[in-house]
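The values are calculated or read from the model by the stated rules, or taken from the named source; none is laboratory data. All of these numbers come straight from a predicted model, not from anything done at the bench. Cβ coordinates were reconstructed from backbone atoms using ideal geometry, including for glycine residues, and neighbour counts include every protein chain displayed. The area values use the complete protein model at the heavy-atom level, side chains included, leaving out ligands, DNA and RNA. Shrake-Rupley method; radii C 1.70, N 1.55, O 1.52, S 1.80 Å.
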Amino acid sequence: MTVDTTTAYTIGPVTCAPGERAEGLIPVGVSSYGVELGMPVIVVNGAAPGPVLCVDGGVHGDEYDGMEAVRRVLAETDPATLRGTLVGIPCVNTPAFEAAARTSGLDHANLNRIFPGDADGSFSLRLAATFVEQVIPAVDALVDLHTGGTFGEIAPLTIVQGGYEELATPIGLAASHELIWKGGSWGGTARLSTLQAGKPAITIEAGGGTYREGTVDLHVGSVRNIMRRLEMIDGEVELRDRYTEVTGTFARSAAGGFFLGHAGPGDQCKAGDLLGSVVDHYGRTLEEVRAPEDGIVLWQRRIRTVRPGDEVVIFGAVRGEIRP
């Protein structure tokens, strides 16, 4: 898609003239107290033709850094010098944000596992369906911003969906994080629905646990470099000499108790190294989590309360190098 500078750009009910800004709400449903619910959208429509890039945050309501990064990159983009259109959805999942939680406060669904949704389902399913039906057709590429949330901390990395490497890798490398998670075998993400529509899409992860300006800066820098890669703004694209390709394995606890982390996000480890343990209230070790092979800790649980089946560590096995 290339923006026609003689016509306005429209996404959902929001229309924006060339060289202008606009904002509004893509409606999804009405609350029990009669308030319209939906996705807040910010549009910066460039004065020159170019691609349409969508940047979203807040798919999980407790991942605050991405939300602020979307607002900031939209606020700092000048439509007079922009080629194409930048679409920002700072908080996709407003009910989860209201609940300060990973899942929706309306139906307790994890939005990041239920795409493409269901227009006749619960609110989260309708939200996913609205994104698929109204956002994806109106954009050329998607950058989905995440953090480790309040439950954990994640090393800066970019997820390039397995099976879609040719489509997603160019913008994935432009995100400029050393770690490229070649995976995402789980389904139900906005990233996967966008890729299935034939459009580049990646997820960028960094930080978590709490809000940090440093994480916001990382996200903003990644988006800006992707915009340079797409020739939406001036400047040289910054690429690393090499990237590390990893796959991720989720380690889940068998026992409930108190989680102790023994390695942090980004730490390298050897096969058999102790990554974490679960202890009871008397200090007895109930379970140990060890590295299954040489690799890198991608994510570590921050919330110390752990129940059987909870995620405690994401282990990254190194599968090679990528040289642009």
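Quick rundown of the values:
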{"read-out": "Computed accessible area, residue 54, all protein chains, 1.4 angstrom probe, square angstrom", "value": "0"}
{"read-out": "3J(HN,Hα) from dihedral phi, region 247-256, Karplus parametrisation 6.51/-1.76/1.60, rounded to Hz, x for glycine, proline", "value": "10, x, 10, 7, 8, 10, 6, 8, 10, x"}
{"read-out": "Globularity ratio of the chain, using Cα Rg and 2.2 N^0.38 Å", "value": "1.01"}
{"read-out": "Other-chain or far-sequence residues with amide H under 5 Å of residue 310's (modelled H)", "value": "253"}
{"read-out": "Per-residue SASA entry for residue 250, accessible area with 1.4 Å probe, Å² rounded to 10", "value": "70"}
{"read-out": "Per residue accessible area of the chain, 1.4 Å probe, in Å²", "value": "41"}
{"read-out": "Antiparallel DSSP beta bridges within region 1-142, as percent of all bridges there, nearest 5", "value": "70"}
{"read-out": "Mean Cβ count within 10 Å, highest first, over the residues of peptides 218-231, 304-317", "value": "218-231, 304-317"}
{"read-out": "Kirkwood hydrodynamic radius over Cα pairs of region 117-256, then Stokes diffusion coefficient at 20 °C and 1.002 mPa s, in µm²/s", "value": "133"}
{"read-out": "Rounded tilt (10° steps) of 165-174 against the dominant C-alpha axis of the chain", "value": "90"}
{"read-out": "Residue 67 accessible area, assembled protein chains, probe 1.4 Å, Å²", "value": "10"}
{"read-out": "Neighbour cut-off at most 12 other Cβ (10 Å), DSSP loop, GluC sites (Glu not before Pro), region 1-71", "value": "none"}
{"read-out": "Gyration tensor (alpha-carbon) shape descriptor, region 57-170, a/c threshold 1.5", "value": "rounded"}
{"read-out": "Around residue 176: net Lys/Arg minus Asp/Glu count, Cβ-Cβ under 11 Å", "value": "+2"}
{"read-out": "Cleavage-rule hits (GluC sites (Glu not before Pro)) in region 116-191: DSSP loop, at most 16 neighbouring Cβ within 10 angstrom", "value": "178"}
{"read-out": "Signed unit charges on C-beta, dipole axis of region 179-255, positive-most listed residue 219, 200, 249", "value": "249"}
{"read-out": "Carbon + sulfur, % of accessible area of region 65-177 - ligands and nucleic acids excluded, 1.4 Å", "value": "54"}
{"read-out": "Dipole moment magnitude, nearest 20 debye, region 1-98 about Cα centre, only Lys, Arg, Asp, Glu C-beta charged", "value": "300"}
